[in-house]
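Reading through the structure tokens given below for one structure.
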Amino acid sequence: MSLYRRRRRRPEINVVPLVDVMTVLIFFFLMTMHFEDMRALAITPPAAESAGRESEGRGAVVAVTREGKFFLNGEEIAKEKLLEWMRQEGAEEKGKTVLIVADEETVTKDTVFLLDQASQAHLTPRLVTRPSGQ
């Protein structure tokens, strides 16, 4: 029996390897992650048999909700500002494609209004639909 009493070492967690592993994981996820524009509107386009065909050079996206609110590239815009924007775009580049997305519950007058205004501004309006059965 010894008079010297052996002290127990307190358990400890070495955090340096933990920080190293977490740093590597964060860098890995940041490098492999796809950052996309996540702005989304609650719009369900109407179905059509010829839908799903991808347009060649995509232009601006103009959307109208069932409440009659207008959006330009995901940001709400007043009707007057939208018309002004269409006139400016048409003056700069005639025939530029404008994708029009309308909810299937939207009043027809709002969708027809957008199609008409785009044509009057010398833009090429394309109404976006979804394939049948979806």
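Can you check what the net charge comes to around residue 122, using other residues whose Cβ is under 15 Å from the Cβ of residue 122 (Lys, Arg +1; Asp, Glu -1)?
-1
In plain terms, the residue of 8, 126 with the fewest other Cβ atoms within 10 Å comes first and the most crowded comes last, giving 8, 126. Summarising the amide proton neighbourhood of residue 124: residues at separation of 5 or more, or on other chains, whose placed amide H is nearer than 5 Å comprise 95, 96, 97, 98.
Couplings 3J(HN,Hα) of the range 77-83, computed from phi: 9, 5, 4, 5, 5, 5, 5 Hz, in residue order, whole Hz [Karplus 6.51 cos²θ - 1.76 cosθ + 1.60, θ = phi - 60°; x for Gly and Pro].
No lab work stands behind these numbers, since they all come straight from the coordinates. Computed from a predicted structure; not experimentally measured. As a convention, Cβ positions derive from the backbone with ideal geometry for all residues, glycine included, and neighbour counts pool all protein chains shown.
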